[in-house]
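Presented below is the structure to which this report refers.
The values are calculated or read from the model by the stated rules, or taken from the named source; none is laboratory data. Every value quoted in this text rests on a predicted model; they were computed, and no experiment measured them. We place every Cβ from the backbone using ideal geometry, glycine too, and count neighbours over all the protein chains shown.
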Amino acid sequence: MKQHILPALKLTIICIVFFCGIYTLLILAVAQLAPNKGNGETISINGKVVGYELEGQSFSNDKYFSSRPSAVNYNAAGSGASNKGTTNPDYLKDVESKIDTFLFHNPSIKKSQVPAELVTASGSGLDPDLSIDAANIQIARIAKSRNLTEDRVKTLVEMHTEKPLLGLFGPATINVLKLNIDLDKLN
């Protein structure tokens, strides 16, 4: 028994020193090489931080592109999903309500055309991006509310489309905050 306890204690102490000390300092050093020293990439307007590149925000005004709904009210301190299954009556009621709200603000759209991502929260509740389809379906509403042509808004959406990594990994996405900031610059 003694012959097993001593090596186990030594291994435990070595792991604690490595993972709590050396590994943590190594990750901190690597983060210092990243933009903004590992504190996340902020988006600023006139020197004032208006959001974070990797964190979703709520946009409820018709002149802005809507973000994906958040189960945590866009609070990065407590990211997560609702944990309700797709057959849960409360979940279904909530999704139906979001569909009705979306259709009210986008009267030219049919219920079958509403992308699921505009009425369901992501796993983290903080998704900052939309698919091209979810952005395109909102163009008519935004163009009308800003007195712009749909072509002008569509061009802006195309400018903000981020292609998949190496053209292979993941879908093309659009950062909603960056897009909405540039929309404001148009007017």
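Any residue at all in the range 85-99 that is assigned to a helix (DSSP H, G or I), closer than 24 Å to K178 by Cα and assigned by TED's automatic domain parsing to the domain that holds I142?
Going through the range 85-99, the residues assigned to a helix (DSSP H, G or I) turn out to be 89-99.
Of the ones still in play, those that are also closer than 24 Å to K178 by Cα are 98.
Now narrow it down to the ones that are assigned by TED's automatic domain parsing to the domain that holds I142: 98.
Scanning the range 85-99 turns up at least one residue that is assigned to a helix (DSSP H, G or I), closer than 24 Å to K178 by Cα and assigned by TED's automatic domain parsing to the domain that holds I142.
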Taking first residues from the range 124-150 that are free of Cβ contacts under 8 Å to residues at least 40 places away in the same chain and second residues anywhere that are among the polar types (S, T, N, Q) and not in a helix (DSSP H, G or I), the pairs with Cβ under 6 Å that are 6 or more apart or on different chains are A140/S108
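Condition check: assigned by TED's automatic domain parsing to the domain that holds K110 and under 24 Å from T42 (Cα atoms). Does L165 satisfy that?
On the way: assigned by TED's automatic domain parsing to the domain that holds K110: yes; under 24 Å from T42 (Cα atoms): yes.
Yes; evaluated as a whole, the condition is true for this residue.
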Only unsatisfied item for R146, checking (1) surrounded by 12 or more Cβ atoms within 10 Å (Cβ to Cβ); (2) at pLDDT below 90, is (2)
A careful count of residues in the range 107-160 that are among the small types (G, A, S) and either not assigned by TED's automatic domain parsing to the domain that holds K93 or not in a helix (DSSP H, G or I) (or both) gives 7
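Criterion first (in contact with a Lys or Arg (Cβ under 6 Å, 6 or more places away or on another chain) and at negative phi) does Y91 satisfy it? Even if it seems obvious, please write down each step before you answer.
Working: in contact with a Lys or Arg (Cβ under 6 Å, 6 or more places away or on another chain): yes; at negative phi: yes.
So Y91 passes the test.
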Pairs returned, first residue in the range 49-71 that is without any contact (Cβ under 8 Å) to a residue 24 or more places away in the chain, second residue that is of a type outside the set (D, E, K, R) and part of a loop (DSSP other than H, G, I, E, B), beta-carbon separation under 8 angstrom, 6 or more apart or interchain, are S58/S67; S58/S70; S58/N73; S58/Y74; S60/S66
Scanning the range 111-130 for residues that are farther than 14 Å from S66 by Cβ and modelled with pLDDT of 90 or more gives K111, S112, Q113
The residue that is farthest from A76 (Cα to Cα), considering only those in the range 1-51 that are part of a helix (DSSP H, G or I) and either polar (S, T, N, Q) or touching a strand residue (DSSP E or B) at 6+ places or on another chain (Cβ under 9 Å) (or both), is Q3
